[in-house]
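So the structure is just underneath, and the comments pick up after that.
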Amino acid sequence: MDDLRRHLIAIGDLDREGIERILETAASFESVQEREVKKVPTLRGRTVVNVFFESSTRTSSSFELAAKRLSADVMSLKASGSSVDKGESLKDTIQTLSAYGPDVVVIRHAAIGAALKTTGYTNAHVVNAGDGKHQHPTQCLLDLYTIREALGRLDGVQVAIVGDVLHSRVARSNIQGLLAVGAQVLLVGPPTLIPRGIEATGVRVSHEIGDIATADVVYVLRMQSERMAEGANYVPSLREYTERWGVTSSRVSPRQIVMHPGPMNRGVEIGADLADSNQSLILRQVQAGLVTRMAVLYDLVTRPYRDTAERPAVEVAA
Ligand code: NCD
């Protein structure tokens, strides 16, 4: 039989309705965060396994806390210090952890396609917490949540995504997710850091930082030096990058909101004072990460299978 388990590998796994359902669920978990006892029994007896082969602060901590606040049993494995250091493969690591019978496996890995592969090594639902420069769907959901909360809508909102789009899984997921909910996207950065032909997806492209002026949201990306091939000169120097494309207080108007997925290079892609200003939603994004990831875990466990409409037609014997 075909595998009808639901996973969250790319933001495109959710249609607009699915995205909105998760944002609503996330909002309903907001009140839990204000209680003295910040825990609900929703996923009691369920097991969530987090496997992070790549470094992470926000994503791994929020998935762990999200599972705990839903009362799930949670186990988090960081690649360093595990048998991955001894050369254990993705397949062996996932199969080993899946022997405990988890309901959800959350995985981050440097290789594109690692999360999708993981679905073949486990019976659990798989959530992609970042695979190379491919996708980071829960970052997209938490960003949509943050924008909707700040502006009261998503439809028609103008978002300028600034910087290293080429190496960014956050940008890939956010572009798709923003367009799916009716927002408009402008990509701004040096030609070397904007994928060629990306206009075909429905975004606009500019190489002039001044063009962020019309945006409601200025979304700043990290310069991802670790993904830039050694020796390749994507920008003449970081100093020059900052001069031409750095997002600073003088380049945004007070009516605009500023976001960044973290970790930030303060003083490189974003001005330190702007990051700490009232118009910055960066810490709100972190809080949104918690309720959004609670919602994603809840959504997968309580709606385990894809819609029957999507089920392949069953052959009826004559
Ligand atoms: C991002 C990531 O790891 O993809 N960070 C995150 O999850 N908050 C963005 C980045 O590393 O620049």
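Just so it is clear, none of the values below were taken in a lab; they were calculated from the coordinates. Worth saying up front: this structure is predicted, and the values here are computed from it rather than measured. Methodologically, a virtual Cβ is constructed for each residue, glycine included, from the backbone with ideal geometry; neighbour enumeration extends over all protein chains shown.
The figures follow:
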| item | result |
| --- | --- |
| Cα-based shape type of segment 164-213, given that a ≥ b ≥ c are square roots of the gyration tensor eigenvalues and the cut on a/c is 1.5 | oblate |
| Relative contact order of segment 137-282, pairs being alpha-carbon contacts under 8 Å that are 6 or more residues apart, as % | 23 |
| GluC sites (Glu not before Pro) lying in DSSP loop within segment 196-299, provided at most 16 other Cβ fall within 10 Å | 208, 230 |
| Relative contact order of the chain, defined on C-alpha pairs under 8 angstrom at six or more residues apart (%) | 20 |
| Full-extension gain in nm, residue 249 to residue 192, via 0.36 nm per residue minus C-alpha separation | 18.0 nm |
| Over the chain, volume per residue of the alpha carbon convex hull, in Å³ | 163 |
| Angle between the chain longest axis and helix 169-180 axis [Cα atoms, degrees, rounded to 10] | 90 |
| Segment residue 265-residue 279, length gained on full extension (0.36 nm per residue, minus Cα span) | 3.2 nm |
| Dimensions in Å of segment 199-255 - Rg and Dmax from alpha carbons | 13.4, 40 |
| Efficiency of FRET between residue 44 and residue 306 - r from beta-carbon atoms, R0 25 angstrom, step 0.05 | 0.50 |
| Potential lengthening between residue 61 and residue 4 on full extension [0.36 nm per residue; Cα-Cα distance subtracted] | 17.6 nm |
| Computed Kirkwood radius, in angstrom, where 1/r is averaged over Cα pairs of segment 137-282 | 15.1 |
| Degrees, to the nearest 10: 282-302 long Cα axis against longest axis of the chain | 20 |
| Helix axis angle, 137-151 relative to the chain longest principal axis, alpha carbon, degrees | 60 |
| Packing-based exposure ordering (other Cβ within 10 Å, fewest first) of 147, 9 | 9, 147 |
